[in-house]
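A.B. asks: Sharing a structure below in structure tokens format, with a few things to ask.
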There are 4 protein chains.
Amino acid sequence: MNLPHKEERHRLFGSVAPGMKYKPTRKEEMVDLQNLNRDFLFSIKKVGINNVKIPVQLQSRLSPKHQTTIANFSLTSSLSHKQKGTNMSRFVEILEKYRQQGFLLKFSVLHRFLEELSQKLEQEATYLQVEFPWFYERIAPSSNLTGLNHANIKLDISYHEKRGFKDTVSMTCGITTLCPCSKEISEYSAHNQRGYVRMNVNISSSYVNDELNWKEALLDAAESNASARLHPLLKRTDEKAVTEQAYENPRFVEDMVRLIGADLYELNWIKSFTVECRNEESIHLHDAFASISVKK
Amino acid sequence: MNLPHKEERHRLFGSVAPGMKYKPTRKEEMVDLQNLNRDFLFSIKKVGINNVKIPVQLQSRLSPKHQTTIANFSLTSSLSHKQKGTNMSRFVEILEKYRQQGFLLKFSVLHRFLEELSQKLEQEATYLQVEFPWFYERIAPSSNLTGLNHANIKLDISYHEKRGFKDTVSMTCGITTLCPCSKEISEYSAHNQRGYVRMNVNISSSYVNDELNWKEALLDAAESNASARLHPLLKRTDEKAVTEQAYENPRFVEDMVRLIGADLYELNWIKSFTVECRNEESIHLHDAFASISVKK
Amino acid sequence: MNLPHKEERHRLFGSVAPGMKYKPTRKEEMVDLQNLNRDFLFSIKKVGINNVKIPVQLQSRLSPKHQTTIANFSLTSSLSHKQKGTNMSRFVEILEKYRQQGFLLKFSVLHRFLEELSQKLEQEATYLQVEFPWFYERIAPSSNLTGLNHANIKLDISYHEKRGFKDTVSMTCGITTLCPCSKEISEYSAHNQRGYVRMNVNISSSYVNDELNWKEALLDAAESNASARLHPLLKRTDEKAVTEQAYENPRFVEDMVRLIGADLYELNWIKSFTVECRNEESIHLHDAFASISVKK
Amino acid sequence: MNLPHKEERHRLFGSVAPGMKYKPTRKEEMVDLQNLNRDFLFSIKKVGINNVKIPVQLQSRLSPKHQTTIANFSLTSSLSHKQKGTNMSRFVEILEKYRQQGFLLKFSVLHRFLEELSQKLEQEATYLQVEFPWFYERIAPSSNLTGLNHANIKLDISYHEKRGFKDTVSMTCGITTLCPCSKEISEYSAHNQRGYVRMNVNISSSYVNDELNWKEALLDAAESNASARLHPLLKRTDEKAVTEQAYENPRFVEDMVRLIGADLYELNWIKSFTVECRNEESIHLHDAFASISVKK
């Protein structure tokens, strides 16, 4: 690849020549800079907007079945090396159009969104990342009282004119872990702590549809393999149950990622996955961490 | 108090009149705006710079006795209602002068700094906030192996030409807490977690001097009253000791702030204090919290 | 004040005597530790739960008029020095009860909430802090296209059996500031940046009611005195208007807090206020900052 | 791959059988759980410790030539599917050994560290991530006054017994960008803002050595292609120079990643790279973003 000299590169990108002062153009003849058509050295993989926060709708198999949450969007597209710039306002326009319709975050709507974005920008590839808390009711083990928990979800969807869609979903949720070593060596008790599990999952395209219960499946994989689940509301009998359950199910971070990995391995709609567990150790200032990555 | 109308206020603060376009002044006659002298409605309590990060020096009674750490500064001063603006670059100039001399964060140096700032800015009141991690070696209880811990410190010092100095120090440090209720009601074990203690302390001016062991005293107040200390390095016999110690010393957040409060109450150089404890509960997504405030 | 010795204090708070091992109680005779009644050294100012996240409802004079957002709660109460601990689960129970009814965040509901919490906990003082993004539509100045902006709100409400309610509201919102000095001294252009205004306002109790348009009034005080408003969506003609408007209305952080202060001063329902402005300077890594505090 | 049933998996990982209570082992016969040797379903890619903060030493071609900074470490290793757990305390022990010797963060030392970690853990692969601020003096363009800036650096180094070392370096630094479109369409001025450039670079193994000036080269690539550099200290004549320079060198995020990409492309020690630019737009609440990835 042959690049022009740095001074030429700066001129190509609109710098006033060194030592010169800026001479204003007549504003009546405003150039639409983004549409300039030359060779701008490199194609751009992703260009667009980050950290756009709006309310969105969710459907869930757990209560509340229909919910409004707040989502943080990144919207980007490819850009050919012939084009100087993208049209940032179009990203916001199309997002605003969907928002005014309630923006229900399901695959069919998100795919339509990316196709429409691709057409509006006249780019072959578009990308969407969106993060939001998902809320679900949790019933206490003994008192049966209800409270609200949440997990943090991130959707990472890409669209390419020729290669179609790629759908990746991530969930980060809190769990309790109780240290097997501390239990084994101590006369009584064991250190335990809040840990965070992150699962990052590529969905086989043939299984992607709005009825797939992926949120509930990922949450269950993380929680059912932990020393104990986290609970918003625990009365005394509940707290006894949870404390004892954790002691009966000690887990290292290594145990967590392997047991969760086994559950994800058995889900046929998952093509490949990464599982991480980070324990905010109650005996250290630092965290314990483990991760596995599996391609099926 | 009689305020001019909003449109006049905007003109006073330099807005071009509504509907008009900006007409450039000749740049040879640049006005020094910050030194304009009129009635600008309100005196300003604090104006200056925030989030300035530089390396600083610390002395400590615990090893390492002399250390370099990274500090985040806020430097501000009062501003009379006669003056339009402060001189922001002077804050950086004086900070840079101290930095080039190694900026040792002890009271005598910080007081000199604020006086000098006050003279340079010709303002009656100056303020300094600085936050940094303080590192100290911690020896494991059984193996006697050494590792490095840290606590986060914040100094909040104000100087007034007539009223002199006010010195407030804060420390936030991690500790282990084990739930007394969970211990009491469960057949075995108890939930425990990392908690964070924050102590905010006003020092009696007669006791302020560079030899005061306030860092070590605050750290000890927090740690010696916790279920257990946090440790960077624990071998198996250490982990056994720490696990059992926590079980033998269960603490609610309420217990923590009261016991630490009692220790601070007994320190004669402390005029008044606030103690907070926040437990990152291992059985919940939310935290437990308590605070007390005591004036002696 | 006479404190027992530290070793006695630890025993009072349930530590096993030094050198002894823990001897389990029979769990059938579980003591309700929180209800122990002795002299626990200090009354506690605030004890409760932190970082509880749930969806809530809001009403707004700007579109969308009725909205769901995500709120982060801190709920605390006083605790007499006779009582060892509060009943943490009751905080969650009452929050869950309100959540199931949609929890509309208006003063009348929040006041009822605090009174009910006070009765349930049998404590004389209860406190609520809640933070959430408030969304509002913003129309572009020239194209008239709509997009969604938000400001971050924090409500800080306290209830005392005898002294009643205290209502403090805070808003943090983004604005554009263009530097008057940079404009004055430069041949062309001026540095400008995103700034954040924080207003903290105590409402006169006689004016507190659900119809008070405080959100809209605070937002307008911040935005109408800035160099320019922030916009979610700007087409080319809008961007021209906003760029030129900012240049015609240059503002220091000092100007910002004074002009906003003047607006707040004129609002009769405001008893006292603090205004801060922090500019994320486009020419520095650090921020410029100013604050004023006014009691009327 | 054939997995045991979920109940068996839980037993394999130490859970008490459902419906049973925990029966304590005699502590004199403590099992070293981490060294259990069975088939634990999956090999683990990375296991270790996260968020370990310690002071470290740096060498720099810019002043200060030798500096102490605070680093945040993640240290991990592979783990065979035959082993239940790693030995977390060994990670801290070896880190502490290097800390006591001053831990100079240069390639030769970091490589030795990873080899030693690999031997101590008896694992074939070890990984190190370390993040820290790097400080450098910056001279104002007209007054020639000095102040201190910093960029955030992340080193990502892996070692494999058979495949050797892989060295990836990242830098995030702040810059000024001025919008070409806003300049083109407006009568005067243009919106500008603080932007952040992140460069992630894989170094060709033949070029890795302690004398390589990669920090200075990456910083220069980012800053020399921006509308203007950020400065800690600017007097009035400096501010004029910087304001005008930015106006004479307008840059989109697209321009930034392409121009920086061209500079990195010309550095022969770089094998492949990613460049991202995120502008904290002064006219929006959201950010503008672009990224390119190039393999040479």
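A.B. asks: Looking at segment B:172-194, which of its residues are out of contact with any strand residue (DSSP E or B) (no Cβ under 9 Å at 6 or more places or on another chain) and under 14 Å from B:A226 (Cα atoms)?
C.D. replies: Within segment B:172-194, just B:P180 meets the criteria.
A.B. asks: So, of the residues in segment B:122-166 that are touching a residue at least 60 places away in the same chain (Cβ under 8 Å) and aromatic (F, W, Y), which turns out to be nearest to B:R236 (Cα to Cα)?
C.D. replies: Going through segment B:122-166, the residues touching a residue at least 60 places away in the same chain (Cβ under 8 Å) turn out to be B:127, B:130-138, B:140-143, B:145-149, B:151, B:153.
Now restrict to residues that are aromatic (F, W, Y): B:127, B:132, B:134-136.
Numbers: B:Y127: 48, B:F132: 32, B:W134: 27, B:F135: 24, B:Y136: 22 Å.
Selected residue: B:Y136.
A.B. asks: Can you tell me how many residues in segment B:80-111 are within 22 Å of C:H284 (Cα to Cα) and either away from chain D (no Cβ under 13 Å) or in a strand (DSSP E or B) (or both)?
C.D. replies: Matching residues across segment B:80-111 total 2.
A.B. asks: Kindly establish whether A:A221 is out of contact with any His (no Cβ under 8 Å at 6 or more places or on another chain), closer than 30 Å to B:E187 by Cβ and not in a loop (DSSP other than H, G, I, E, B).
C.D. replies: On the way: out of contact with any His (no Cβ under 8 Å at 6 or more places or on another chain): yes; closer than 30 Å to B:E187 by Cβ: yes; not in a loop (DSSP other than H, G, I, E, B): yes.
It is true that A:A221 is out of contact with any His (no Cβ under 8 Å at 6 or more places or on another chain), closer than 30 Å to B:E187 by Cβ and not in a loop (DSSP other than H, G, I, E, B).
A.B. asks: Now for a different question. Are there any pairs with C-beta distances below 7 angstrom linking a residue in segment D:198-222 that is within 17 Å of D:P64 (Cα to Cα) to a residue that is modelled with pLDDT under 95, with the two at least 6 apart or on different chains, and if so which?
C.D. replies: none
A.B. asks: Looking only at segment D:238-272, which residues are of a type in the set (V, I, T) and out of contact with any helix residue (DSSP H, G or I) (no Cβ under 8 Å at 6 or more places or on another chain)? Explain how you work it out, then say what you get.
C.D. replies: Restricting attention to segment D:238-272, the residues satisfying the condition of being of a type in the set (V, I, T) are D:242-243, D:253, D:257, D:260, D:270.
Scanning segment D:238-272 gives D:V242, D:V253, D:V257.
A.B. asks: Being farther than 18 Å from B:G174 by Cβ, more than 22 Å from the chain's Cα centre (by Cα) and in contact (Cβ under 8 Å) with a residue 60 or more places away in the chain is the filter here, so list the residues in segment B:266-296 that pass it.
C.D. replies: B:I283
A.B. asks: Can you give me the number of residues within segment A:196-218 that are β-branched (V, I, T) and part of a loop (DSSP other than H, G, I, E, B)?
C.D. replies: 1
A.B. asks: Next question. Looking at C:E239, C:E184, C:E254, can you tell me which residue is within 14 Å of chain B (Cβ to nearest Cβ), assigned to a helix (DSSP H, G or I), buried (at least 24 other Cβ atoms within 10 Å of the Cβ) and of a type in the set (D, E, K, R)? Working first, answer last.
C.D. replies: Details: C:E239 fails: within 14 Å of chain B (Cβ to nearest Cβ); C:E184 fails: buried (at least 24 other Cβ atoms within 10 Å of the Cβ).
The unique qualifying residue is C:E254.
A.B. asks: If B:L234 meets every condition in (1) buried (at least 24 other Cβ atoms within 10 Å of the Cβ); (2) outside any helix (DSSP H, G or I); (3) within 14 Å of chain C (Cβ to nearest Cβ) apart from one, which number is that one?
C.D. replies: The failed condition is (3).
A.B. asks: If you don't mind, another one. In segment C:3-29, what residues are at pLDDT 75 or above and assigned to a helix (DSSP H, G or I)?
C.D. replies: C:K6, C:E7, C:E8, C:R9, C:H10, C:R11, C:L12
A.B. asks: How many of the residues in segment A:265-282 are aliphatic (A, V, I, L, M) and surrounded by fewer than 24 Cβ atoms within 10 Å (Cβ to Cβ)?
C.D. replies: Step one: filter segment A:265-282 for residues aliphatic (A, V, I, L, M), giving A:267, A:270, A:275.
Restricting the remaining residues to those that are surrounded by fewer than 24 Cβ atoms within 10 Å (Cβ to Cβ) gives A:267, A:270.
Number satisfying all stated conditions: 2.
A.B. asks: Considering each of B:L58, B:L33, B:L62 in turn, give the residue that is under 29 Å from D:A151 (Cβ atoms) and surrounded by fewer than 22 Cβ atoms within 10 Å (Cβ to Cβ). Please lay out each step first, then the result.
C.D. replies: On the way: B:L33 fails: under 29 Å from D:A151 (Cβ atoms); B:L62 fails: under 29 Å from D:A151 (Cβ atoms).
Unique residue meeting the criteria: B:L58.
A.B. asks: Report yes if D:I49 is hydrophobic (A, V, I, L, M, F, W, C), within 14 Å of chain B (Cβ to nearest Cβ), without any contact (Cβ under 8 Å) to a residue 60 or more places away in the chain and more than 30 Å from A:S227 (Cα to Cα), otherwise no. Even if it seems obvious, please write down each step before you answer.
C.D. replies: Details: hydrophobic (A, V, I, L, M, F, W, C): yes; within 14 Å of chain B (Cβ to nearest Cβ): yes; without any contact (Cβ under 8 Å) to a residue 60 or more places away in the chain: yes; more than 30 Å from A:S227 (Cα to Cα): no.
No, not satisfied.
A.B. asks: Examine segment A:100-116 for a residue that is surrounded by fewer than 15 Cβ atoms within 10 Å (Cβ to Cβ) and at pLDDT below 95, and state whether such a residue exists.
C.D. replies: Taking every residue of segment A:100-116 in turn, none turns out to be surrounded by fewer than 15 Cβ atoms within 10 Å (Cβ to Cβ) and at pLDDT below 95.
A.B. asks: For segment C:30-45, name all the residues that are within 7 Å of chain B (Cβ to nearest Cβ), modelled with pLDDT under 90 and outside any loop (DSSP other than H, G, I, E, B). So that I can check it myself, show each step before the final result.
C.D. replies: Of segment C:30-45, the ones within 7 Å of chain B (Cβ to nearest Cβ) are C:30-31, C:33-34, C:40-42, C:44-45.
From what is left, the residues that are modelled with pLDDT under 90 are C:30-31, C:33-34.
Within segment C:30-45, C:L33, C:Q34 qualify.
The values are calculated or read from the model by the stated rules, or taken from the named source; none is laboratory data. Remember, predicted model here, so these are calculated numbers, not experimental data. As a convention, Cβ positions derive from the backbone with ideal geometry for all residues, glycine included, and neighbour counts pool all protein chains shown.
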